[in-house]
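A short worksheet on the structure shown next.
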Amino acid sequence: MLNRIDEVAEREPQEAYVMVGINDIMEGVKPDTYEKNIRGIVEAFDPSVTEVTLFSILPVNHDLVGNAVRDEEISEFNEIIRQVAEESGAEFIDLHSHFLDGQGQLDRQYTVDGLHLNGKGYDVWLEQIME
């Protein structure tokens, strides 16, 4: 995303919605590097032109996707997103809590593979954007 963010920002959109992080966790990106990267994404946009919204990282369903991602890592990265949003003036939308089942995993009703959302999951996401 960092390699292409400038071409998006140069178009001066009124709004930009950013959800990034699960792949970083899976690739072993360190939290300080992730924070630097997410700040770079937000800072690419002119705040007088573009309203940036940052979404939290969704939970995963370990029964379906395995243990490649730890819940603690998702929580740590979500806190980084929240902090960057607060410090930069970007909006933060917590999607994570709206997708949890009783075991703290991505609810099976919202996923096709334990990581990606299905149609019902995207409906929930849309509800959160519209609030």
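The values are calculated or read from the model by the stated rules, or taken from the named source; none is laboratory data. Values in this document were obtained by computation on a predicted structure and should not be read as measured data. We place every Cβ from the backbone using ideal geometry, glycine too, and count neighbours over all the protein chains shown. Protein only, heavy atoms only, side chains kept; ligands, DNA and RNA dropped before computing areas. Shrake-Rupley method; radii C 1.70, N 1.55, O 1.52, S 1.80 Å.
Would you calculate a helix-derived [θ] at 222 nm for the chain, using -39,500 (n - 2.57) for each DSSP H run of n ≥ 4 and dividing by the full residue count, to the nearest 500?
On the way: 6 runs with 57 residues, N = 131.
Per the formula, -12500 deg cm²/dmol.
For the chain, the Kirkwood hydrodynamic radius from C-alpha pairs, put into Stokes-Einstein at 10 °C and a viscosity of 1.306 mPa s, yields a diffusion coefficient of 104 µm² per second.
A 1.4 Å probe run over the protein chains yields, for the chain, 59 Å² of accessible area per residue, whole-number rounding. Label-to-label distance, GLU27 versus VAL8, with points set 7 angstrom from Cα along the beta-carbon direction: 1.4 nm.
When you count, for each residue, the other Cβ atoms within 10 Å and take the mean per peptide, how do 13-24, 71-82, 52-63 rank with the highest first?
Working: 13-24: 15.8, 71-82: 17.3, 52-63: 21.6.
In decreasing order of mean packing, 13-24, 71-82, 52-63 become 52-63, 71-82, 13-24.
Summing +1 for each Lys or Arg and -1 for each Asp or Glu, what net charge is found among the other residues whose Cβ lies under 15 Å from the Cβ of GLN109? Present the calculation step by step, with values, prior to reporting the outcome.
On the way: positive: ARG108, LYS120; negative: ASP63, ASP101, ASP107, ASP113, ASP123, GLU127.
So the environment of GLN109 carries a net charge of -4.
Of the residues PHE45, PHE92, ranked by 1.4 Å probe accessible area with the largest first, the sequence reads PHE92, PHE45.
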